[in-house]
Amino acid sequence: MANVKGTTEVVKTVAAKKVEEAKEAVKTVAKAVEAKAEEVKAEAKAAEKAEEKVEKAAEHEKKAEAPAKEVKETKEAKTAKKPGRKPAKEAKAAKKAAAEPKVYVQFGADESSVEAIVEKIKSDYVEQGHRVSSIKDLRVYLKPEDDAAYYVINEKVAGRVDLF
């Protein structure tokens, strides 16, 4: 009977050690989960800031378009007043007024134009069974460190395409 009591005490001691080890393992895992949650929160905040920057840029672009339209209208009014003006000169003036900027994204040795990225997005959208003509709103989020362009179309369809 003494052996049984001694064995029982040993089993209890071993079991208590195992319980403590399990508690420590749970604490370690909990700390890792909390750290990952903080990382995810930080990434979400960064994404929100990027979205705000994109929205501000879109607002700025809209504000910039209004004076450009006024300038174009003024130039058209001036050219209309000059009767001796040749069509070639008018075409050249219109080409200068309508010059569109070409925007590129560079990361390391890779480069891609924004136009090419938008075409990839449209292609991906069509592959999903949609029509290009159904695009009313397109938001693009460039993330070179992920080699990705994330997009949201009509505030309903979201996706990802390779940046380069």
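Data table
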read-out	value
Accessible surface, 1.4 Å probe, highest first, among residues 110, 137	110, 137
Built amide H within the under 5 Å cut-off of residue 138, gap 5+	154
Separation of the residue 114 and residue 18 label points, Cα + 7 Å toward Cβ, nm	6.3 nm
Total lysine pairs under 19 Å (Cα atoms) in the range 95-164, excluding pairs fewer than 8 apart on one chain	10
Net +/- balance of residues flanking residue 11 in space, Cβ distance below 13 Å, scoring K and R +1, D and E -1	+3
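The values are calculated or read from the model by the stated rules, or taken from the named source; none is laboratory data. What you are looking at is a predicted structure, and each value in this text was computed from that prediction instead of being measured. Please note: Cβ atoms are built from the backbone with ideal geometry, for glycine as well, and neighbour counts cover all protein chains shown. To get the accessible areas, we keep the full protein, side chains included, count just its heavy atoms, and leave off ligands, DNA and RNA. Shrake-Rupley method; radii C 1.70, N 1.55, O 1.52, S 1.80 Å.
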